[in-house]
Amino acid sequence: MTSCRSKTNGRLPDISFANPQAVAKSTDELSGFAHEVRPGISRLELVVPDMHCAGCIGRIERALNGHSAVTEARVNMSTRRVAVQWRSAAAEPAEFVDLLQTAGYASHPFAEREDAAEADRKRSRELVLAMAVAGFAAGNIMLLSVSVWSGASDATRDLFHWLSALIALPAIAFSGRVFFRSAWTALSARSLNMDVPISLAVILAGAMSLYETIGHGDVAYFDAAVMLLFFLLVGRYLDHRTRARARDAVSQLVSLTARTAAFKLPDGSLTPRAIAELAAGDIISVAPDESLPVDGVVVSGTSDIDRSMLTGESMPETASAGTRVHEGTTNLSATLDIRVEACGGETLLASIIATMEAAEQHKAHYVRLADAAARIYAPAVHITALATFIGWMLVGGGDWHTALLAAIAVLIITCPCALGLAVPVVQVVASGALFQAGIMAKSGDAMERLAAIDTAVFDKTGTLTLGRPHLTGPAALDVEHLGLAAGLAAGSRHPLSRAVTAMAAQRGVSPTPLDAVEEVPGSGLLGHRGNQTVRLGSRAWCGEAPGDGNSLENETPSDDGRLELCLKVGDSRMVVLRFEDEPRPDAVQTLAALKQRSLKVEILSGDRPGAVEHMARLLGIKRRQSAVDPVAKARYLQKLAGGGAKVLMVGDGINDAPALAAGYTSMAPSTAADVGRMAADFVFFGDNLSAVATAHTIARRAKALVLQNFGIAAAYNVIAIPFAVLGYASPLVAAIAMSTSSIIVSCNAMRLRIGIPHSGRDTASGAEPRQPAASARPSDRSAA
Amino acid sequence: MTNLLILIPAALFLGGLGLIAFVWSLRSGQYEDLDGAAMRILVDEEDGE
């Protein structure tokens, strides 16, 4: 709860940097997502990934309701979205994104594919309605059945049977459609699925009971048929909900990649133009903090380029006229004019995505546990029922009535109530536990695959490390110097500047205001206090002779992976600030925990060997590879898979995307590049790497519980089938057996929660003030 | 027997009422945000803001 408040601490005043051009662009983009609900009233859904507590709900709704044009703002915590309605004429959608940004929340519009979402909602509504009707019918029929079982006879029993029929038959016709349709589809394709025995059992039981009722018989299975439908629909609905949630999660991850670029007209003025319409040779202008929409060559301007997403390289590189730059990297310090060389399908990013898709296709098709079980189970049920029928025909000398009753009893008893619930209930509980630990699973089978891994391969920059350097020394850095450095750094987007500002905020040092601050990309910052000049940057920038053994470029880290920045105030001696790209706070423990579970742990990085060595030593990992390009990463994972290994790939960059797709399963932090998050099966929030271990624990437990549930369902059948085959399965026995097994299976699934850290997400953000995604990685801010 | 003529319709009516109430709550979106509902109880209403 309180951790939420820290969100606004230590933030750079981002808003002040928003240049008019960027705002114009996002307004343009955002309008596409808003739509009119009523004449004059527009509606827009914004995804706010960082909301996680009651305080957030209040703050977000208050922030938006504070806008005079807003008629309604409602947070949906389950989907992490906020729906805003406003008087269309009185506001532009971009204003809401800015409002949320001011309140400390990064957001981007929610783009749902209308048709898919609509189909999803329709299916969900159908299932819930069917479930409600079946539940209602089951309850009422049970009421009547209890009277029959407790001794109602003759006319009373007939009356009750008729009443049951009146309720049951329409309920079966209505609620059973879900199963009938699917069974019919399977049969027309000449195959069997779980729905075939279910449909058969329900229809035969209904028809047989009606026949019995007409003939004043004493057994009717209306209650069993409807209850069967009810339990199965519960399982079906839970399964659907888990999948819908996963799909939702995926669509939320698609944040906006730049769709328009600032096109430079011959007269030097800028106009927005769709990326698709750009051609090689066009000149575009890229403002600071924007991600590059194309591959090209810098024509004019000098700026630092953050290439970490593309290469894994942790420090920015300086780009000036003539430098080749690539789509997917982020411009940090100054506006660049770029001549387009390739865009759309021809960029380096596009070729990496193509590799990723190729890797995905090579992946062996995974058979879900539930489907595997159904494949064995469905034929077994049919054979048993048929054998029962034939057996009774032979024994009873052609008494088809008794034989059919026994066969129906077998169908009903064996019908996979518990089996239908075994997997969905566990998955609902497991994905709930994952969600609370700040982990989003994109599918249920990803969880099953995660439980089976034997190797974990980690990327370095942004995955094992936070991907942002941290000021580590000198330890005795005094308040005055830190204040001055922070004063200079406040306006810069360079990772080292951000580290300085973050440290100042953490130590409670307020930045010293300086006059005429200017940034020279590739060199450093310059400002004035009174008549003193303050410099922050490379040794050369601070006036140290270039020949003293240190490189001219401040970005070049020394070999142990350390980075430095010099601060010179007036003529006094300069102070050298040291930085490190820190490992995530619990990286050591997490890797140790994974090793303890006898998983092989490896590092596969695109960064320089020095930096990788340093990190591997720090974390105690023996198997490591550095300077690996994206394609080689994917190839390495395929090689491991070829050797029979089941690999979990954890990575964040664009360069990891092919490897993420090639892994048996994969995981990415929420700060990852869009492509990386799309390729990964799991996405975790927060700074803690322990999410990997937690996810693995939950997945393994979920698998154990699913297997146990299968065991329970099987044991139940082993006990119940002989009764049914021998004809002892009265409606009462069927009802009791069915509900107990379902309840046992559900209760067993709940055990998953025991001993799992309940609020990993909150502790994660509490331990380290979690900043909005915006300040974590510049490229996340594409929508702002 | 005559009791039943009253009791059964009464039972069905009450059950039906429950069904209708459920369908209504479903349609009016009360199950859309279960996590949020649990948290909203902690949000302080600040009147007059």
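The values are calculated or read from the model by the stated rules, or taken from the named source; none is laboratory data. Predicted, not measured: the structure shown is a model, and the values here were computed from it. Cβ: placed from backbone, ideal geometry, glycine included. Neighbour counts: every protein chain shown. We work out accessible area using only protein heavy atoms, side chains counted, and drop any ligands, DNA or RNA first. Shrake-Rupley method; radii C 1.70, N 1.55, O 1.52, S 1.80 Å.
Tabulated values for the structure
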| quantity | calculated |
| --- | --- |
| Mean accessible surface per residue for chain B, computed with a 1.4 Å probe while every protein chain stays in place, in Å² | 79 |
| C-alpha long axis of helix B:2-27 to longest principal axis of chain B, angle in ° | 20 |
| 5 angstrom amide H check on A:Thr318, placed H, neighbours 5+ away | A:Ile305 |
| Greater than 20 Å apart at Cα, pairs in A:Lys460/A:Lys600; A:Lys442/A:Lys633; A:Lys442/A:Lys622 | A:Lys442/A:Lys633; A:Lys442/A:Lys622 |
| Peptide-level mean, for B:28-39, of C-beta atoms on other protein chains within 10 Å | 5 |
| Residue-normalised accessible area of region A:276-337, given per residue in Å² at a 1.4 Å probe | 30 |
| Net +/- balance of residues flanking A:Ser209 in space, Cβ distance below 12 Å, scoring K and R +1, D and E -1 | -3 |
| Length added when fully stretched, A:Ala715-A:Lys595, from 0.36 nm per residue minus Cα-Cα | 39.6 nm |
| FRET efficiency estimate (nearest 0.05) - Cβ-Cβ, A:Val733 to A:Val367, R0 35 angstrom | 0.55 |
| Rounded accessible area per residue of region A:80-238, 1.4 Å, Å² | 41 |
| A:Thr185 - accessible surface, heavy atoms, 1.4 Å probe, Å² rounded to 10 | 90 |
| Between region A:189-206 and region A:70-148, the Cα center-to-center distance that results, in Å | 33 |
| Euclidean distance between Cα centres, region A:726-748 to region A:380-438, Å | 11 |
| Average beta-carbon neighbours from other chains, 10 Å sphere, peptide A:73-80 | 5 |
| Positions from region A:30-65 whose accessible area shrinks by 40 Å² or more when the full protein complex is built, not the chain alone, probe 1.4 Å | A:Ala54, A:Ile57, A:Arg62 |
| Spin-label model distance (nm) - A:Gln532 vs A:Leu726, 7 Å beyond Cα toward Cβ | 9.7 |
| R0 of 41 Å, Cβ-Cβ distance A:Lys622-A:Glu346: FRET efficiency to nearest 0.05 | 0.55 |
| A:Asp674 accessible area, assembled protein chains, probe 1.4 Å, Å² | 40 |
| Where labels lie 7 Å past Cα in the beta-carbon direction, separation of A:Leu707 and A:Asp515 in nm | 7.4 |
| Residue-level accessible surface for A:Met142, protein heavy atoms, 1.4 Å, Å² | 40 |
| In the B-A interface, the accessible area buried, summed over both sides, Å² (probe 1.4 Å) | 2000 |
| Sparse-neighbour loop sites [trypsin sites (Lys or Arg not before Pro); region A:90-174; at most 13 other C-beta within 10 Å; DSSP] | A:Arg113 |
| All Cα pairs of chain A, percent lying beyond 54 Å | 23 |
| Part-to-part distance (alpha-carbon centres) for region A:276-331 and region A:632-651, which is given in Å | 31 |
| Estimated FRET transfer efficiency when R0 is 35 angstrom, pair A:Ile41-A:Leu265 (beta carbons, to 0.05) | 0.40 |
| Taking chain A and dividing mean pair separation by its residue count, relative contact order in percent (alpha carbons under 8 Å, at least six apart) | 15 |
| Of the trypsin sites (Lys or Arg not before Pro) in region A:161-243, those whose Cβ has at most 12 other Cβ within 10 Å and which sit in DSSP loop | A:Arg190 |
| Where trypsin sites (Lys or Arg not before Pro) fall in DSSP loop in region A:556-637, at most 10 other Cβ within 10 Å | A:Arg573, A:Lys622 |
| Spacing of the two label points (7 Å from each Cα toward its C-beta) at A:Glu72 and A:Ala274, in nm | 3.3 |
| With every protein chain in place, the protein assembly as shown: carbon and sulfur % of accessible area (1.4 Å) | 59 |
